[in-house]
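> Here it is, the structure, as structure tokens.
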Amino acid sequence: MKERFFNSWKDWNPYLETALITFLFVRFISSFAIMILVIFRPNYVQPMDVNTINSFPNIQSENIFMELFLTPWLRWDTVHYIGIAEFGYGGQELFSVWPPLYPFLIKAFSTIFQPLILAAIIVSNLFFITATTLFLKLVSEIFDENIAKKGIYCMFLFPTSFFLIAPYTESLFLTLSIAVVYLSRKKEWLFAGLLSALAALTRVQGVLLVLPIFIEGMQVYFSKRDKKQLLQFLPATLFAPFAYGLFSLYVHFGLLNDWPWVALRSHWGQYFAWPWEGFVGTITALFGRKIDYNVTLDFVKILNVISVIVSIFFLVKISKKLPLSIIVFGWASFLIVISKVDNQNIMISTLRYLLVIFPIFISQALAINRKWQKYVLLLLGLSLNIALLILSTWGLWVA
């Protein structure tokens, strides 16, 4: 009998328990760090920028819980997700670059949890737990539970791992990505296709999830040489591009805005270039190339360059050990990440986008076999996490 996605609670229970323990640990550490950063915030650092205050005048409160644990997360893209959740796209072209699923979930959860920032955090945290559970299950089936747990260890010591519990799309997209890969390996084509569509409505990169569906399907076809197999999986490869295409048509013809990719460049000064352009552009900027404005700190630029090199190393290292569908998806995602640049040919948000390329962390888990390696990763990972969390909480652009 064909194995279903959730075949029995007992199969998933150990992974869920580990995920919950991981979540509680990460949530406690980050909340404690945020509290300390707020209490000892320098006078020149504003709790919120002027635009955020103007957009959400009711968010300011003397409530100590709000001040310590909620408003510090109201930064950068989060403001726009919440804006879409509260007001819709409203004909504003600058909002149309963000697909609707995450804001929709914020809006749905806000019927129970208020304010919207709390609803957003709860959504992200629930998907943090879900993504962790799925990762443990997937990797345990390919390798073993020890490798899976080490993979989680590596993922949550990545310099920007705090974005997985922040009100961003990272945890939602990671959940959907792993779920599509898992379902494809189980030959659950319909569910894989549906979740790939949801991923595309979370981020445009979700369209890449047609790759694991197609590859797993073709492997089944070549093993059986049955044309009926093509009819089973090929329709599922259309779901993600159809979903993002439908959203794009709505933006252009329904809202009468520019296409999302046009708005990305015209309103945000970002676009997709050749993969090497941003890497070279970032290095030359670090070595003195004149740029008009410097949104990304030099410290973050250095981390972006290093993380790209390290990611290439681990993707190459794992290429013959993981299923082809996962490897191809990992490489395709990586190329998209390093291809996104700003108008000055500098890589943008690279550290955050790399966080959801989960094959990298599987490779790291296989490479870490000694205690000293774990301790070095712990020291380095925590230090960078804290440093970037400080910058982000104090309103500086991190990723």
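> Using Cα atoms only, what is the angle between the long axis of helix 77-87 and the major principal axis of the chain, expressed in degrees (0 to 90) to the nearest 10?
So the helix axis and the longest Cα principal axis differ by about 90 degrees.
> Can you classify region 314-369 as rounded, prolate or oblate using the Cα gyration tensor, where a ≥ b ≥ c are the square roots of its eigenvalues, rounded means a/c under 1.5, and otherwise it's prolate if a/b beats b/c and oblate if not?
prolate
> In a shell of Cβ-Cβ distance under 14 Å around Ser349, excluding Ser349 itself, what net charge do Lys and Arg (+1) and Asp and Glu (-1) give? Write down the numbers at each step before the final one.
Numbers: positive: Arg75, Arg203, Lys301, Lys340, Arg352; negative: Asp77, Glu170, Asp342.
After counting each charged neighbour, the total is +2.
> May I pose another question? Strictly over 18 Å apart at the Cα level, which of Lys224/Lys320; Lys149/Lys186; Lys186/Lys320; Lys187/Lys228 would you flag in this model? Before the final figure, lay out the partial values.
Values: Lys224/Lys320 24 Å; Lys149/Lys186 22 Å; Lys186/Lys320 21 Å; Lys187/Lys228 14 Å.
Long pairs (Cα-Cα over 18 Å): Lys224/Lys320; Lys149/Lys186; Lys186/Lys320.
> Next question, about the same structure. Multiplying the sequence separation of Arg27 and Ser248 by 0.36 nm and subtracting their Cα-Cα distance, what value in nm do you get?
Taking 0.36 nm per residue and subtracting the Cα distance, the gain is 76.0 nm.
> Let me know the shape class of region 228-370, please: from the alpha-carbon gyration tensor, a ≥ b ≥ c as square roots of the eigenvalues, rounded when a/c is under 1.5, otherwise prolate if a/b is greater than b/c, or oblate.
Numbers: a/c = 2.86, a/b = 1.04, b/c = 2.75.
Note, shape of region 228-370 comes out oblate.
> Also: What list do you get for Tyr293, Tyr271, Tyr250, Tyr15 if you sort them by fewest beta carbons within 10 Å? The partial results should precede the final answer.
Details: Tyr293 9, Tyr271 17, Tyr250 14, Tyr15 22.
The fewest-first ordering by Cβ neighbours comes to Tyr293, Tyr250, Tyr271, Tyr15.
> Most exposed first by the Cβ proxy, i.e. fewest other Cβ within 10 Å, how do Phe32, Phe173 rank?
Phe32, Phe173
> When we measure straight from the Cα of Lys340, which lysines land under 21 angstrom away, once same-chain ones fewer than 8 places off are left out?
In chain and number order, the partners are Lys290, Lys301.
> Cα centroid distance between region 22-39 and region 113-172, in Å?
15
> Using the Karplus equation 6.51 cos²θ - 1.76 cosθ + 1.60 (θ = phi - 60°), what ³J(HN,Hα) coupling, rounded to whole Hz, does each residue of region 185-202 give in order, writing x for Gly and Pro?
In residue order, the calculated couplings are 5, 8, 6, 8, 5, 4, 5, 4, x, 4, 6, 5, 5, 5, 5, 5, 8, 9 Hz.
> Shifting gears a bit: Among Ile34, Ile291, which comes first, then next, by fewest other beta-carbon atoms within 10 Å?
Numbers: Ile34 21, Ile291 16.
By the 10 Å Cβ count, ascending: Ile291, Ile34.
> Could the peptides 148-155, 137-144, 255-262 be put in order, highest first, of the mean number of other beta-carbon atoms found within 10 Å of their residues?
Values: 148-155: 21.8, 137-144: 18.0, 255-262: 15.9.
Averaged packing, sorted descending, gives the order 148-155, 137-144, 255-262.
> Which distance in Å, rounded to a whole number, links the C-alpha centroids of region 304-327 and region 357-381?
What the calculation gives is 13 Å, centre to centre.
No lab work stands behind these numbers, since they all come straight from the coordinates. What you see is a predicted model, and the numbers here were worked out from it, not measured in a lab. We place every Cβ from the backbone using ideal geometry, glycine too, and count neighbours over all the protein chains shown.
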